[in-house]
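As structure tokens, the structure follows; a few thoughts come after it.
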Amino acid sequence: MADFDVLIRAGQIVDGTGAAPFIADLAIRNGRIAQIAPRIAGTATQEIDAKGKAVTPGFVDVHTHYDGQATWDSHLAPSSNLGTTTVVLGNCGVGFAPCRKSDRDVLVQLMEGVEEIPGSALAAGIRWNWESFPEFLDALESKPRDIDVAAFLPHAPLRVYVMGQRGVDREDATPADIEAMQKLVREAMDAGAVGFSSSRTMLHRSSSGESVPTMGADVKELKALGGCLSGEQGHVMQFISDWVDADAEFGILRDVSAKTGAKGTFTLVALDKPPAGMNPDPNLWREQLERLETAQAQGLDIRGQVISRPIGVLLGHPATMSPFYKRPTYMQAAAIADKAQRLAMLRDPAIKAQILSEKNDRPHVFIELFEHAFDQMYPMEEPINYLPNSDDSVAACARREGREPMEWLYDFLLGNEGRNLLYTPLTSKSGRVIAEFLKHPHTISALGDGGAHVGSICDSSANLFLLTRWVRDEKLLDLAQGIRRITHDPASFFSMNDRGVLAPGMKADINILDIDKLMLKTPRKVEDLPGGGSRFIQDCEGIEATFVAGEMIYRNGVPTGTLPGKLVRGLQAAPARGPAS
Ligand SMILES: [Zn+2]
């Protein structure tokens, strides 16, 4: 019998702690790292030459919305195929448990509206073999999948479960409601939820246009529910907010953390022009960093979740939206099932002229705002430039060719067999602001939203982008610090102390990376949602292999078929420090 299951030879060990990388062998046995040493003697069932490659912990992505997909799909792409080995779902207060049979449609509409996951896919894909949150965790646990998942208890289902239609209608919770919700928060935490999440933004709406049940929930309700968390158990409170009264909002996390020792985290983005209804101060992000510093100085572990590039909407024929998508003649073309026929119609000069002369019929508010914002749309071409400048915009491209921008982009979107995409940043694309976020000691790299916005955003690659842009190309962070930000830091913030670091005894969640070759490919549409819907996924070059619990789940972007992923229930203890064996 071999001494080890896997031996990764002569790689550059970037161990996740931020320590200087070093060349060594790494041995895996029984799903754990057995040994890291310059030259490990012994045999292994599988031996991999990692010379010239970085060997890192698997990435940990704490902001995803795989709540539905994790129940029907064994592969959590586009995360697992991009080096992520642990995800946290149930963010932003939306999810599917607890849920009575009579409320299923309400929660599906919420997820469809808030996270743009087609209701048809949710309806066809979710098996609903649960009612309570603990039963939902059991259902997650029983489904084989490639990577590990952990779950927040989301506020919206909880509120609807306890308050019924009053919860949907955003009525104030009565003392009895709060007591009933508290009981369920405790029950969920006991079952292994990693914390409690909520949404306090008017941007989140159900597919029928209603605000989410948690919008405007009284600060007292949030504090009472957060009060059931426990720092000792490693719980985290998460929300997204419009920050209209920024002090009061931040005060929720501050109070909960001070009272319970739980950690707090929230979506932290810079908005050049905040939409109406949100805190209008374009410098709010800076104030938020100061609030974090003050809280941390008081011993409260509250961190802002930041993203390594702008959150960006993809526009084009494969996407949910484009500048033409609700123009009558375009809609006729879009209804043609045969792709070649559809493209031929769109290429017809008379049809093109007709579409260009029309207006979108009741488009999504995003298209209303951005349809003519040619200076804020960028053609997406490889290598993808996620931090473009004005010279790269559709306006600039059209100007260089002396053409009308709308006409230019019509042709551009038909290129590459109609697969070309435009990228429209929603959050600040200032490299200076993003650099400040990424260097800040009290932020966490996150906000990839894996599993969500499946037809218009594909940002779960943001962790990899941190490595390509901010580590390799810009050298804002060195490799050790960059890896630490997407492995150890998020893992330890969520008290998953068995992962995120390469050391003997730790879980063998590992990536082998060719840093020089790392490159993100243009997101592509796949038609594999339950019920026949489609979604974007993204591929990359440069991830040679990904291991979960010592089993290789991906090799050069191709799934191996093994499904070692597990449900993470709450705090995970660090391995006892023993002699390396
Ligand atoms: Zn979210």
Go through Val106, Gln165, Thr522 and say which Cα lies farthest out towards the positive end of the charge dipole of the chain; charges sit on Cβ, +1 for Lys and Arg, -1 for Asp and Glu. Thr522
Can you list residues whose amide H is under 5 Å from Gly231's amide H, if they're 5+ apart or on another chain and H is modeled 1.01 Å from N? Gly261, Ala262
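Region 28-87: which trypsin sites (Lys or Arg not before Pro) are DSSP loop and have at most 11 other beta-carbon atoms within 10 angstrom?
Taking region 28-87 and a limit of 11 other Cβ atoms within 10 Å, the loop trypsin sites (Lys or Arg not before Pro) found are Arg39, Lys51.
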A correct Karplus calculation of ³J(HN,Hα) over region 216-231, with 6.51 cos²θ - 1.76 cosθ + 1.60, θ = phi - 60°, whole Hz and x for Gly and Pro, returns x, 4, 4, 3, 4, 4, 4, 5, 5, 6, x, x, 8, 7, 9, x
What is the set of long-range amide H partners of Leu567 at a cut-off below 5 Å, with H atoms built 1.01 Å from backbone N? Val149
Pick out, from Leu314, Ile336, Phe374, the residue whose Cα sits farthest towards the positive end of the charge dipole of region 313-425, with +1 on the Cβ of Lys and Arg and -1 on the Cβ of Asp and Glu. Ile336
How would you order 349-358, 405-414 from highest to lowest mean count of nearby Cβ atoms within 10 Å? 405-414, 349-358
What is the mean projected area of the alpha carbon convex hull for region 427-571, to one decimal in square nanometres? 10.0
Size of electric dipole in the chain: Cβ of Lys, Arg +1 and of Asp, Glu -1, about Cα centre, debye, nearest 20: 580
For region 510-524, Karplus couplings with θ = phi - 60° (6.51, -1.76, 1.60), whole Hz, Gly/Pro x: 9, 10, 10, 10, 9, 4, 5, 8, 4, 7, 8, 8, 4, x, 10
Only Lys, Arg, Asp and Glu count, each charged at its Cβ (+1, +1, -1, -1), so figure out the dipole size of region 313-425 about its Cα centre, rounded to 20 debye. 340
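All other residues with a Cβ under 9 Å from the Cβ of Val94 taken together, and with Lys, Arg as +1 and Asp, Glu as -1, what is their net charge?
-2
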In whole Hz, what ³J(HN,Hα) sequence does region 457-472 give by Karplus (6.51, -1.76, 1.60; θ = phi - 60°), x for Gly and Pro? 9, 9, 10, 5, 7, 4, 5, 5, 4, 4, 6, 6, 7, 8, 9, 6
Tell me the net charge near Arg39. Cut-off is 11 Å between Cβ atoms, Arg39 excluded, with +1 for each Lys or Arg and -1 for each Asp or Glu. 0
Contour minus end-to-end for Arg400 and Met1, with contour as 0.36 nm per residue of separation and end-to-end as the Cα-Cα distance? 137.0 nm
Charge dipole magnitude, Cβ of K and R +1, D and E -1 - region 213-352, Cα centre, debye nearest 20: 860
Thr64 long-range amide H proximity, modeled H, under 5 Å: Val88, Asn91
Excluding Asp509 itself, calculate the net charge of residues whose Cβ lies under 13 Å from the Cβ of Asp509, where each Lys or Arg counts +1 and each Asp or Glu counts -1. -2
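Compute the projected area of the convex hull of the Cα atoms of the chain, averaged over all viewing directions, and report it in nm² to one decimal place.
One quarter of the hull surface, i.e. the mean projection, equals 25.7 nm².
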Would you calculate a helix-derived [θ] at 222 nm for the chain, using -39,500 (n - 2.57) for each DSSP H run of n ≥ 4 and dividing by the full residue count, to the nearest 500? -8500 deg cm²/dmol
Would you list which lysines come within 27 Å of Lys507, measuring only between C-alpha atoms, while excluding same-chain residues fewer than 8 positions from it? Lys51, Lys53, Lys143, Lys263, Lys517, Lys566
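No lab work stands behind these numbers, since they all come straight from the coordinates. Not measured: the values here are computed from a predicted model. All Cβ positions, glycine included, derive from the backbone under ideal geometry; neighbour counts span all protein chains shown.
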